[in-house]
């Protein structure tokens, strides 16, 4: 039988956390492979302009930043394979990852599979993403400085987005299907006091109005059935996220929202398995926090490979 190749570390997901882990691992002399199903960058690659990642005073688009991260990791010897991971046995030794391009084995695994924003499911939503539709106020809010924006949602993410945008936009309209926010009480008073913030309670967005970019939305009152049009420059959809953790259910501990339970060490409940970036439990999901996770995960993996925990 042919002897299997066992990598020191396999990274699942080629976003900023994944390629930072690959960079640190390769520079540390670890035999490293990144498994990515599409292209480098993950959600970051869809962002037209990133202004809050240090070192780029004029900003940088997410696709270019992703390419730079991949090239930097590969410069030190990290390998990339474009493959869809279909099954993982993270309890095995070595760990087994079955993919569309064959089976891979590793002593340690870094999971950087990310989380996708939940969509409203309206026609043209995908086509208008980046042209008026956004899912992250911290990422894209400054593009709407002095303009009118709509925030859809009523949880903590929507409340935080509305607060941030109220300091940037001329007017913010928060559309929520209930008559009170689900967000924790700490957000309520500041939102009510924001002079440029308007609430549309018991309402849902039913249509995205557009030409070559978004021009407004239609909103329906769930109690009266009445519809009206809100002209706006942008819509921030904050109705939750979906962590990509389907493949690890039953193996790793997940929280109630489906995120992998891992603290600032990025260590999961399985030895030699680490979760980085948007897929793990954490208070802030940004490019800069993902890359920090990637560096931490490799430090922990090195300790594990050296015989530690």
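Which whole-number percentage describes the relative contact order of segment 1-65, with Cα contacts under 8 Å and a sequence gap of 6 or more?
28 percent
Rounded, prolate or oblate: pick one for segment 119-237, where a ≥ b ≥ c are the square roots of the eigenvalues of its C-alpha gyration tensor, a/c under 1.5 means rounded, and failing that, prolate if a/b is larger than b/c, else oblate.
oblate
Would you mind checking the tilt of helix 287-305 against the longest principal axis of the Cα atoms of the chain, expressed as 0 to 90 degrees and rounded to 10?
In the chain, helix 287-305 runs at an angle near 20 degrees to the longest axis.
If contacts are Cα pairs under 8 angstrom and at least 6 residues apart, what is the relative contact order of the chain in percent?
Reported relative contact order: 19 percent.
Would you work out if segment 166-222 is rounded, prolate or oblate? Take a ≥ b ≥ c from the square roots of the eigenvalues of the alpha-carbon gyration tensor; rounded if a/c is under 1.5, else prolate when a/b is larger than b/c, oblate otherwise.
oblate
Based on DSSP H runs of at least 4 residues, each adding -39500 (n - 2.57), what is the mean residue ellipticity at 222 nm of the chain after dividing by all its residues, to the nearest 500 deg cm²/dmol?
-6500 deg cm²/dmol
In degrees from 0 to 90, rounded to the nearest 10, what is the angle of the helix 16-27 Cα long axis to the longest principal axis of the chain?
Long axis of 16-27 versus the principal axis of the chain: about 20 degrees.
Is the shape of segment 26-181 best called rounded, prolate or oblate, per the rule: a/c under 1.5 gives rounded, else a/b larger than b/c gives prolate, else oblate, with a ≥ b ≥ c the square roots of the Cα gyration tensor eigenvalues?
prolate
Helix 156-166 against the longest principal axis of the chain: what's the angle in degrees, Cα atoms only, rounded to the nearest 10?
So the helix axis and the longest Cα principal axis differ by about 60 degrees.
Can you give me the C-alpha center-to-center distance between segment 27-100 and segment 234-266, rounded to a whole angstrom?
19 Å
Throughout, read-outs are computed from the coordinates displayed, never taken from laboratory work. Treat the numbers as computed from the prediction; the structure is a model and nothing was measured.
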